[in-house]
Amino acid sequence: MGGNFRVSEGFSRVPTSHRGKGPKNYTRSDEQIMHEVSQRLMDHDGIDASDIEVAIEGGDATLNGTVPTLQMKRMAGELVEDTGGVSNCQNNLRVATTGAKRLDGAARDEPRG
């Protein structure tokens, strides 16, 4: 019987995972993190990453740019936070406005005076 298991109170064998536990003193380089973050953003079906800029410095990630929806902003931030080697994510993404609305809520095409 292979695999990793732990014994629960009922003495049944429950599988455990050690995935993501690296050797002592191992840290991923910013370049490795950047590659994985970019790949994950590109591969995610629910995120349009075409206007997202990613910066990694010392394991801290920063997202800049715009996305179409608030949900997409949140998904991108969560995805980056869940990437191995990322210690913090500063999500500066803005939700793009569409149509006749601006951030202040005023109409763009509304005639003045």
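Every read-out reported here was derived from the displayed coordinates using simple, explicitly stated rules and does not represent laboratory data. Everything numeric here is computed off the predicted structure, so don't read it as measured data. Cβ placement follows ideal geometry from the backbone for every residue including glycine, while neighbour counts extend to all protein chains displayed.
Structure notes:
- Over the stretch 27-95, the reciprocal of the mean inverse Cα-Cα separation, the Kirkwood hydrodynamic radius, stands at 11.6 Å.
- Label-to-label distance for ASP43 and ASN25 is 3.1 nm, based on points extended 7 Å past Cα in the beta-carbon direction.
- Full-extension gain in nm, VAL95 to THR62, via 0.36 nm per residue minus C-alpha separation: 10.3 nm
- Length-normalised contact order of the stretch 27-95 in % [C-alpha pairs under 8 Å, at least 6 apart]: 34
- Signed unit charges on C-beta, dipole axis of the stretch 27-95, positive-most listed residue ALA55, GLY77, MET34: GLY77
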